[in-house]
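Undergrad: Here's a structure for you.
The values are calculated or read from the model by the stated rules, or taken from the named source; none is laboratory data. Note that this is a predicted model, so its numbers are computed, not measured. In this analysis, Cβ positions are derived from the backbone assuming ideal geometry, glycine residues included, and neighbour counts consider all displayed protein chains.
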Amino acid sequence: MLYVLIFRSPITIMIETYLDMYHFFFPVINILIFVCFFIYQVAFLQEFKIFKDKSLAINVETSLSKQFSDFIVKHHRPGQKIAVGKLEYKNIIETKLKIQCLYNDVVMEIMWGLKNIMKSLIPDQKCGLTKEDRCYMSKGMQSILNRYGFEVKPEMVNEDIIIMAATLYECDYCVNKFAKYFLRGGEHLQNVSGICPKGWDLQKIAAALKLVCYPEEKIEAGISDQVNDVEEMVETLVADAHKYEDMLHKGSCLNIYLEILSAREARKMALTLLESSINKAKGACATHKEVEPDEHGVGGGHVKDEPQRDEKHGVHGRHAGEPPA
């Protein structure tokens, strides 16, 4: 059976923009595509059609059926390219219809994303992943899992693992997007108070900047052990607080501090749920049973013995999502 789906999605613009140089940006684009599908849901279904006998619709010997050709032509616009999931589809469509197609590693990432959200796009149809589909796993998702020390086999992947992996990336992004701001803030700490922030995690810098903006308020450590070290500098930072008035925007410092605190707490919860999913899927895979969600709606995965992780920070060494010291 062949499912043919027509989408409109801003992610196709990204493919066109980076097509000639995607190999330079491949790891970044992989993660972006993965997160776009499962956090921002960038694919919007316009129409789909089921061809019960795929061999009659498209194959090397008979090319394209009239019904399939008409469906493609109906939705194609001059200058558009069609993303296809197999090289043979590209060759057949380009030969028969003279329409240029895209088939490369970036497109495969998109196809993987579409296949995994198929049930939500056409819920009335039975369209689970085939064994062939499960042999491929998004490189963007794999990159995120590796960053946290998880090793997941393709056949173990389910919706819960996908969502938790995307959530981890989003949590880190919520912190890392302020990196340049923290770099400037760290320079202020050095120049004004003589405090060198080298080796600090971003939450610790945020806590120090929040303290000089609101010296009368307490600091929440959250899940960062380093924030507790700020207590040793409270006297200096509070005494120098008035010197920062023309350097920092108090409202921005507070909002950033609260966003980072929230992101780190969410990441801690996501890691716990992901590990639960991974352990459950590992057992299910070993017994060749289908993974069923637990009471939290979670299931899936496999964990490496190394590197070791603690419950606060994940992988030992540099924290995932933090800049190098």
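Undergrad: Return yes when I99 is over 20 Å from the mean Cα position of the chain (by Cα), modelled with pLDDT of 80 or more and in a loop (DSSP other than H, G, I, E, B) and no when it is not.
TA: Yes.
Undergrad: For the range 62-74, which positions are assigned to a helix (DSSP H, G or I) and crowded, with 16+ Cβ neighbours inside 10 Å?
TA: F68, S69, F71, I72
Undergrad: While we're on this one: As an exercise: evaluate G283 against (1) in a helix (DSSP H, G or I); (2) modelled with pLDDT of 90 or more and give the number of the one condition it does not meet.
TA: Checking G283 against (1) in a helix (DSSP H, G or I); (2) modelled with pLDDT of 90 or more, the one that fails is (2).
Undergrad: Another question about this same structure. In the list A266, A270, which residue meets the criterion of being farther than 19 Å from R184 by Cβ, at pLDDT 85 or above and touching a Leu at 6+ places or on another chain (Cβ under 7 Å)?
TA: A270
Undergrad: Would it be correct to say that A241 is hydrophobic (A, V, I, L, M, F, W, C), surrounded by 15 or more Cβ atoms within 10 Å (Cβ to Cβ) and touching a Pro at 6+ places or on another chain (Cβ under 7 Å)?
TA: yes
Undergrad: Let me ask something else about it. Quick check: anything in the range 165-178 touching a residue at least 24 places away in the same chain (Cβ under 8 Å) and over 30 Å from I278 (Cα atoms)?
TA: Yes, there is a match, as at least one residue in the range 165-178 is touching a residue at least 24 places away in the same chain (Cβ under 8 Å) and over 30 Å from I278 (Cα atoms).
Undergrad: Run down I50, I110, I117 and say which single residue is of a type in the set (A, V, I, L, M), surrounded by fewer than 15 Cβ atoms within 10 Å (Cβ to Cβ) and modelled with pLDDT under 80.
TA: Result of the check over I50, I110, I117: I50.
Undergrad: Within the range 68-109, count every residue that is in contact (Cβ under 8 Å) with a residue 40 or more places away in the chain and among the basic types (K, R).
TA: Selection size over the range 68-109: 1.
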